[in-house]
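Down below is the structure, laid out as structure tokens.
The values are calculated or read from the model by the stated rules, or taken from the named source; none is laboratory data. These numbers were taken from a predicted model, which means no experiment stands behind them. Using ideal geometry, Cβ is built from the backbone for each residue, glycine included, and neighbour counts are taken over all protein chains shown.
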Amino acid sequence: MRTPIMAGNWKMNCDNEEAWQLAAAIADEKGDVEGCEVVLCPPATALTTVLAAIEDTNIGLGAQNIFWEESGAYTGELSGPMLLSCGCEYVIIGHSERRGRFGSVADDFTPELQKVFGESDASVNRKIKAALSYELTPIVCVGELLNERQAGQTDEVVTSQVRTAVDGLAADQIDSLVLAYEPVWAIGTGEVCDADEANRVLGVIRGIVAECADESVAQEIRILYGGSVKPDNVVGLMQQAEIDGGLVGGASLEADSFGELITAASASVA
Ligand code: 13P
């Protein structure tokens, strides 16, 4: 039985005051959660604020990014030891917004801006190796663009992303990853992926894990779904056999809606 995870990716939202309010409200409602790992991933500026708010609760802390070097002349970057010193246990790696694969492209988002962070599959792989070396749990994101889905390339895209992400990792290292399937067209658009289809793609991803590691790792690894997860669709998603939880943007920015998602994830194994 895989323990589900409900992770809130706050993206570039919440100053320190707002982060405190939100984390404290979630801690108040769900601090004693059992049967589900709850992870808050605030912006880096609010990591220690959120840590203070979730102290003595069952809620964990995650960062939204990591750089693979330990220290040095890398302006603006954050290393594994820095994240550990803020109390992080998890780190999101390879989010589509960092790979430059945007689902809901605003008019002023030129192709140049879309590639602004420019993360490649290879840099995702380096970041995963760095995170593991500091015993941070990577939450590794993969997913196809709308035009790739329309062209029938979904399985091919996620297969390639997962294979490169785990390249050079031993089976026991792959075992300590969390994977997240986030179809880019479903992120921030309100257009959730059909639960059966999300389950199918997660099955494909589990199959790739079996090939890259082994069958027991494939059965143990947690794979999340992300993309417009909301209180009104979470139960259907969590009922799916392959879906082990959610990576949530918008609905994690409000304590009541995130609380409902946590309840649904916990209930899915009860
Ligand atoms: P939304 O839940 O806002 O669609 O965002 C999903 C996401 O990108 C989580 O990482």
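Before moving on, here are some points about what is shown:
- The residue of the range 105-133 that is modelled with the highest pLDDT, among those that are part of a loop (DSSP other than H, G, I, E, B) and acidic (Asp, Glu), is GLU119.
- Pick from the range 214-232, criterion within 16 Å of the ligand (Cβ to nearest atom) and surrounded by fewer than 18 Cβ atoms within 10 Å (Cβ to Cβ), ranking: nearest to LEU177 (Cα to Cα): LYS230
- Of the residues making up the range 66-95, just one is at positive phi and under 14 Å from the mean Cα position of the chain (by Cα), namely GLY94.
- Residue in the range 185-205 that is within 30 Å of GLN21 (Cβ to Cβ), hydroxyl-bearing (Ser, Thr, Tyr) and away from the ligand (no atom under 16 Å from the Cβ) present: no
- Scanning the range 134-143 for residues that are assigned to a loop (DSSP other than H, G, I, E, B) and either of a type in the set (Val, Ile, Thr) or within 14 Å of the ligand (Cβ to nearest atom) (or both) yields a count of 1.
- Test set (1) within 16 Å of the ligand (Cβ to nearest atom); (2) over 18 Å from the mean Cα position of the chain (by Cα) - LEU237 fails condition number: (2)
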